[in-house]
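Student: For reference, the structure I am asking about is given below.
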Amino acid sequence: FGYSTSFYHGGTDGTMGFDHYTKVAGYDECNEMSDFPNYEEAFDGAWGIPDHLYLDYFTNELGKKKTPFFSTLFTLSSHHPYKIPKQFEGKFKSGTHPILEAVSYTDYSLKEFFEKAKKQVWYNNTLFVITADHTSYKLKKKYDNSVGMLKIPIAFFKPSDTSISGERDEVFQQIDIMPTVLDWVGYDKPYFSFGSPLCDSTNRRAVYGENTFQLIKEDYLLLF
């Protein structure tokens with residue numbers, strides 16, 4: 001389809017092996033903390049560039065891309081050690097765990113990103129996918145079980161497509177994102193995937209394996 005591809009993460013260079021991963025995955029470019037302007041001054045002292053600064057930088061970077069493009073952004077402020085820039089301390093909801101204030105800060109940063117993105121020429125023709133890489137602390141009892149401990153949000157948003165709306169309470173996992181995106185952009189060539197597109201309502205399941213393997217399908221849970 002002729003898409004240019006890029007990966008952005010404000011963490012210190014080499015964090016989680018993203019530089020090597022992006023080469024294996026076939027990204028055209030990988031951007032890390034040292035690519036951020038004046039990164040020494042912006043560094044949060046723990047992991048990398050705070051979300052509100054990096055998301056603003058990310059928006060500017062997308063404006064330089066030749067369309068069509070595919071870009072991935074991996075934020076960091078809502079991850080341990082939950083560093084929030086000093087000018088934002090005490091401005092967001094907090095609670096029984098530091099992650100709550102950090103998530104509120106990231107939510108604010110995302111809001112600022114979309115306010116700026118709305119003014120860009122690529123905005124209306126973009127499919128946004130927002131999700132998490134994993135869960136964190138179980139602050140509510142309903143998540144204190146083998147299924148709840150794995151639940152993450154996955155959101156699809158395309159400004160020019162009003163058919164993508166509402167909530168769907170069904171099994172969907174991270175490996176279903178790629179076939180769903182390919183389906184929505186009209187990709188009609190063969191490809192390999194362990195997942196299935198969201199439109200395939202007959203094949204909704206999720207698999208997870210660590211010490212115990214678990215398969216979730218409809219209302220059933222199989223542990224092995």
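The values are calculated or read from the model by the stated rules, or taken from the named source; none is laboratory data. Just so we're clear, the structure is a prediction, and the values are computed from it rather than from any experiment. So basically every Cβ, Gly included, is an ideal-geometry build from the backbone, and we count neighbours across all protein chains shown. What goes into the accessible areas is simple: the full protein's heavy atoms, side chains included, and nothing from ligands, DNA or RNA. Shrake-Rupley method; radii C 1.70, N 1.55, O 1.52, S 1.80 Å.
Student: Using the charge dipole of the chain (Lys, Arg: +1 at Cβ; Asp, Glu: -1 at Cβ; taken about the Cα centre), state which of Ser165, Tyr187, Phe74 has its Cα farthest towards the positive end.
Tutor: Result: Ser165.
Student: Could I have the simple spin-label model distance between Thr162 and Asp13, label points 7 Å from Cα toward Cβ, reported in nm to one decimal?
Tutor: 4.9
Student: How many Å² of accessible area per residue for the chain, probe 1.4 Å? Intermediate values should be presented prior to the final figure.
Tutor: Working: 14640 Å² over 224 residues.
I get 65 Å² per residue for the chain.
Student: If I compute solvent accessible area with a 1.4 Å probe over the protein chains, what percent of it on the range 25-92 is carbon and sulfur? Don't skip to the answer; put the middle values down first.
Tutor: Working: 1790 of 3740 Å².
Percent of accessible area from carbon and sulfur atoms in the range 25-92: 48.
Student: Further question: For every helix of n ≥ 4 consecutive DSSP H residues, a contribution of -39,500 (n - 2.57) applies; sum these over the chain, divide by its total residues, and give [θ] at 222 nm rounded to the nearest 500 deg cm²/dmol. Present the calculation step by step, with values, prior to reporting the outcome.
Tutor: Numbers: 5 runs with 52 residues, N = 224.
It lands at -7000 deg cm²/dmol.
Student: Calculate how many DSSP beta bridges within the chain are antiparallel, expressed in % of all such bridges and rounded to the nearest 5. Show your work: numbers first, answer last.
Tutor: Details: 14 of 23 bridges.
Here the share of antiparallel DSSP bridges comes out near 60 percent.
Student: Another one. Report, ordered by chain and residue number, the lysines lying within cross-link reach of Lys111, taken as a straight Cα distance under 26 Å and ignoring same-chain residues fewer than 8 apart.
Tutor: Lys64, Lys65, Lys66, Lys83, Lys86, Lys91, Lys93, Lys119, Lys138, Lys140, Lys151, Lys158
Student: Once you list every other residue whose beta carbon is under 12 Å from the beta carbon of Thr96, what net charge do they have if Lys and Arg are +1 and Asp and Glu are -1?
Tutor: Values: positive: Lys93, Lys138, Lys140; negative: Glu101.
Residues close to Thr96 contribute a combined charge of +2.
Student: Also, I was wondering about something else. Taking the Cα centre of the range 13-144 as the origin and placing charges on Cβ (Lys, Arg +1; Asp, Glu -1), which of Cys30, Gly95, Pro85 is farthest toward the positive end of the dipole?
Tutor: Working it through, the farthest residue towards the positive pole turns out to be Gly95.
Student: Now a separate question. Give the dimensionless ratio obtained when the Cα radius of gyration of the range 1-146 is divided by 2.2 N^0.38 Å. Walk me through the numbers on the way to the answer.
Tutor: Values: Rg = 16.2 Å, N = 146, 2.2 N^0.38 = 14.6 Å.
Taking the Cα Rg and dividing by 2.2 N^0.38 Å, one obtains 1.11.
Student: Also, I was wondering about something else. Can you list which of the trypsin sites (Lys or Arg not before Pro) found in the range 6-89 are DSSP loop residues with at most 11 other C-beta atoms within 10 Å?
Tutor: Numbers: sites: Lys23, Lys64, Lys65, Lys66, Lys83, Lys86; in loops: Lys64, Lys65, Lys66, Lys83.
Sparse-neighbourhood loop trypsin sites (Lys or Arg not before Pro): Lys64, Lys66.
Student: Turning to a different aspect of this structure: So which trypsin sites (Lys or Arg not before Pro) in the range 114-174 end up in coil per DSSP with only 14 or fewer other C-beta atoms within 10 Å? Walk me through the intermediate numbers first.
Tutor: On the way: sites: Lys116, Lys118, Lys119, Lys138, Lys140, Lys141, Lys142, Lys151, Arg168; in loops: Lys118, Lys119, Lys138, Lys140, Lys151, Arg168.
Here the trypsin sites (Lys or Arg not before Pro) that fit, given the DSSP loop and packing criteria, are Lys118, Lys119, Lys138, Lys140, Lys151, Arg168.
Student: Could you give the dipole magnitude of the range 1-115 about its Cα centre, charging the beta-carbon of Lys and Arg +1 and that of Asp and Glu -1, in debye to the nearest 20? Kindly include the intermediate steps, with their values, before the conclusion.
Tutor: Numbers: 9 positive and 17 negative charges, 60 e Å.
Roughly 280 debye for the range 1-115.
Student: In the range 101-224, carbon and sulfur make up what percent of the accessible area (probe 1.4 Å)?
Tutor: Details: 4820 of 8970 Å².
Here carbon and sulfur together make up 54 percent of the probe-accessible area.
Student: Same structure again: Reachable aspartates and glutamates from Lys116, Cα under 14 Å, same-chain residues fewer than 8 places away excluded?
Tutor: Leaving aside aspartates and glutamates fewer than 8 places away in the same chain, those within reach of Lys116 are Asp56, Glu61.
Student: While we're here: Quick one: dipole size for the chain, taken about the Cα centre, charges +1 on Lys/Arg Cβ and -1 on Asp/Glu Cβ, in debye to the nearest 20.
Tutor: Working: 23 positive and 30 negative charges, 104 e Å.
Rounded to the nearest 20 debye, it is 500 debye.
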